[in-house]
Amino acid sequence: MAVTGVVVKDAVVKEFRQSAWDETIADDCRQLVRLAVREDLDRAHDWTTVALIPPAARGRATVVARQAGTVAGLPAAALVQDEMNLDAVWEPRVADGQSVNPRDHLAVFSGATRDLLTAERLLLNLLGRLSGIATLTRRYVDAVAGTPARIYDTRKTTPGWRRLEKYAVRCGGGYNHRTGLFDAVLIKDNHLALGGYAPGDAVRRAREFLPAMLSDAGADVAMIVEVEVDTLVQLDDVLPCRPDIVLLDNMSPDQLRAAIARRDAVAPEVQLEASGGVNLNTVRTIAETGVERISVGALTHSAVSLDVALDWVG
């Protein structure tokens, strides 16, 4: 997994790979579509539609937002069409990442009425779920506007949906933390406890391990090394080792400000990430302490689907 760089405070710091709709995300989506088709049709038919709708009937519908939000997931429609072999045309009216208001049209869906009815719920489920994540992410991003902080997701995702949900976070203006266990070193409290390490020793061990082991496997030896601490004493121990990121777990605003002062004095290139106790009521206060990163599990584990629907026009 490639590590990218961003300019922060006139210095280039490492960054996790950021999601864009690509072949990997499309393949994940295709697998989910196949499962969803099996859930709905079980290798049979939409018997209600077959019983009531003539085979030659043609129809046209608009996908409409019932509430304000941020759109994500429109490229999934092409995969639904392909997997279900739909006799239909999908015409988007907006783009992923775009804000919409109630009654705005997201797309026009036209073709064989039987196919449109059979695919309706699957399409709306995909768009609603991903747009809900993008919408919630946008609320967090807007809440910290004007501060140094950026909003990051976590691995608290729906099994099988991770890349899609992280893509939706990007559509909402947030940033992606590591995709999985394979593309970063993130030393957490359990690693320290079970390995018997102090935080600084664990960082040194990881730095020694990466070049020695990963180059032979063809992996990225420059991958990000992050370590979690929950006290300022642990922070003092780890800063001289200069991890790329220190995750400050469940610290109060006063502790976060103290952490920033200590970081600036010892290792100003190290990024600080606040985590724990983050919600829409607290995120602004956390951001105003000066941390560069705030990770929010709620972006994916607590998002409510955006209300979208098909309005039939003929």
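The values are calculated or read from the model by the stated rules, or taken from the named source; none is laboratory data. These numbers were taken from a predicted model, which means no experiment stands behind them. Note: ideal-geometry Cβ built from the backbone for every residue, glycine included; neighbour counts use all protein chains shown. The accessibility values were calculated without ligands, DNA or RNA, using every heavy atom of the protein model including side chains. Shrake-Rupley method; radii C 1.70, N 1.55, O 1.52, S 1.80 Å.
Relative to the longest principal axis of the Cα atoms of the chain, the long axis of helix 199-214 lies at roughly 60 degrees.
Here the range 78-122 is treated as a Stokes sphere of Kirkwood radius computed over C-alpha pairs; at 37 °C and 0.692 mPa s its diffusion coefficient rounds to 284 µm²/s. Kirkwood radius and radius of gyration were both taken over the C-alpha atoms of the chain, and their ratio Rg/Rh is 1.07. Which shape class, rounded, prolate or oblate, goes with the range 15-173 when its Cα gyration tensor gives a ≥ b ≥ c as root eigenvalues, a/c under 1.5 marks rounded, and past that a/b bigger than b/c marks prolate? Prolate is the answer for the range 15-173, as a/c is 1.5 or above and a/b outweighs b/c.
Provide the FRET efficiency to the nearest 0.05 for the ASP22-ARG284 pair, computing r from the beta carbons and using R0 = 35 Å. Efficiency, from the Cβ-Cβ distance: 0.60. Of the accessible area of the range 8-89, computed with a 1.4 Å probe over protein heavy atoms only, carbon and sulfur atoms account for 51 percent.
Heavy atoms of the protein chains alone define the surface here; on that basis the range 2-145 has 50 Å² accessible area per residue at 1.4 Å probe size.
How much of the DSSP beta bridge set in the chain is antiparallel, as a percent to the nearest 5? Around 55 percent antiparallel, to the nearest 5.
The residue list ILE245, ALA20, LEU235 was ranked by how far each Cα lies along the charge dipole of the chain toward its positive end, using unit charges on Cβ atoms, and ALA20 comes out on top. The GluC sites (Glu not before Pro) of the range 244-305 that meet both conditions, a loop assignment by DSSP and at most 15 other Cβ atoms within 10 Å of the site Cβ, are GLU269. Stretching LEU41 away from HIS301 to a fully extended chain increases their span by 90.8 nm, per 0.36 nm per residue minus the current alpha-carbon distance. Is any residue of the range 83-124 close enough, with backbone N under 12 Å, to a label point placed 7 angstrom from the Cα of THR158 along the Cα-Cβ axis, and if so, which? 122-124, by backbone N distance to the label point. Charge dipole (Cα centre; +1 on Lys/Arg Cβ, -1 on Asp/Glu Cβ; no other charges) of the chain amounts to roughly 460 debye. Estimated from the Cβ-Cβ distance and a Förster radius of 30 angstrom, the FRET efficiency linking ARG34 and ARG207 is about 0.10.
If you take the Cα centroid of the range 105-127 and the Cα centroid of the range 45-67, the two points sit 8 Å apart. Estimated at 0.36 nm per residue, the fully extended path between VAL50 and ALA265 surpasses their Cα-Cα distance by 70.3 nm.
The slack in the chain from ASP236 to ALA57, taken as 0.36 nm per residue of separation less the alpha-carbon distance, amounts to 57.4 nm.
Taking a straight line from the alpha carbon of LYS156, these aspartates and glutamates sit under 19 Å away, with near neighbours fewer than eight places off in the same chain left out: ASP28, GLU165, ASP183, ASP189, GLU226, GLU228, ASP249, GLU273. With the Kirkwood sum run over all distinct C-alpha pairs, the range 87-208 has a hydrodynamic radius of 17.7 Å. Using the beta-carbon distance between LEU181 and ALA68 and R0 = 30 Å, what value does 1/(1 + (r/R0)^6) give for FRET efficiency, to the nearest 0.05? Efficiency, from the Cβ-Cβ distance: 0.25. Computed on the range 120-175, with alpha-carbon pairs under 8 angstrom and 6+ residues apart, the relative contact order is 48 percent. The relative contact order of the chain comes to 23 percent, based on Cα pairs under 8 Å that sit 6 or more residues apart. Heavy-atom surface analysis with a 1.4 Å probe gives the range 118-195 a carbon and sulfur content of 51 percent of its accessible area. Ordering MET213, MET84 by accessible surface, largest first, gives MET213, MET84; the 1.4 Å probe counts only protein heavy atoms, with every chain in place. Can you classify the range 126-170 as rounded, prolate or oblate using the Cα gyration tensor, where a ≥ b ≥ c are the square roots of its eigenvalues, rounded means a/c under 1.5, and otherwise it's prolate if a/b beats b/c and oblate if not? Oblate.
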